[in-house]
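The values are calculated or read from the model by the stated rules, or taken from the named source; none is laboratory data. Computed from a predicted model, the values in this text were never measured in an experiment. When we count neighbours, we look across all protein chains shown, and the Cβ atoms used for this are built from the backbone with ideal geometry, even at glycine. For the accessible areas, the whole protein counts, side chains as well, though only heavy atoms, and no ligand, DNA or RNA atoms are used. Shrake-Rupley method; radii C 1.70, N 1.55, O 1.52, S 1.80 Å.
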Amino acid sequence: MKKITTSYILWAIGLITPISGLHRLYNGQIVTGVIWMCTLGLFRVGQLVDVFLIPSMVEECNAKAQARLGVAPDGSPLPHSNPVTLNVTGDLQERLRMRLLQAAAARGGKLSVTQGVMATGADFERVENVLNDMFKRGYVTITNDPESGIVIYDFHEL
């Protein structure tokens, strides 16, 4: 993830030295970064304008990186069929909860993190966070399998 602070430091270097455009290169804007380097930041005017554009540059760069990794801004996995839903984080969270609930229902109301990962395709940390949130809200209880000791989330209403 790109940081605004780093971008501003690179911008400042370009303002006080003849090496402009480093902040653009850092944020994946290669073509304009090279142009800035060759023209002293568009004759310093572009460099000065960029002080206001840096937050959106960083945000756009980070959003593109997350989309390439198949991750929404909240860390939940993007559905493979429709990557346009990058901004619909609440719906993704709710879908993950529903898929975990369905997986638990198919297993008699009990679900481990690994089973949740297999059923949803989400990563272990994300599934565990959602299940722990459901525990905190009282939707599930946590037990251990007597034989293996694996943590089991018990959806007591199922």
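Worth pointing out:
- When the criteria are applied in full, LEU10 fails the requirement of being open to solvent by 40 Å² or more (accessible area, probe 1.4 Å) and either more than 24 Å from VAL71 (Cβ to Cβ) or assigned to a helix (DSSP H, G or I) (or both).
- Single residue of the stretch 36-70 satisfying the filter (over 20 Å from THR6 (Cα atoms) and touching a helix residue (DSSP H, G or I) at 6+ places or on another chain (Cβ under 9 Å)) that is modelled with the highest pLDDT: THR39
- From GLY46, GLY41, GLY28, residue being outside any helix (DSSP H, G or I) and either in contact with a strand residue (DSSP E or B) (Cβ under 6 Å, 6 or more places away or on another chain) or of a type outside the set (Asp, Glu) (or both): GLY28
- Filter result for LEU101 (at pLDDT 90 or above and in a helix (DSSP H, G or I)): yes
- Any hit, the stretch 112-123, residues being at pLDDT 90 or above and in contact with an Asp or Glu (Cβ under 6 Å, 6 or more places away or on another chain): yes
- Contacts under 8 angstrom Cβ, first residue in the stretch 26-53 being under 16 Å from ILE13 (Cα atoms), partner β-branched (Val, Ile, Thr) and assigned to a loop (DSSP other than H, G, I, E, B), 6 or more apart: MET37/ILE19; GLY46/THR39
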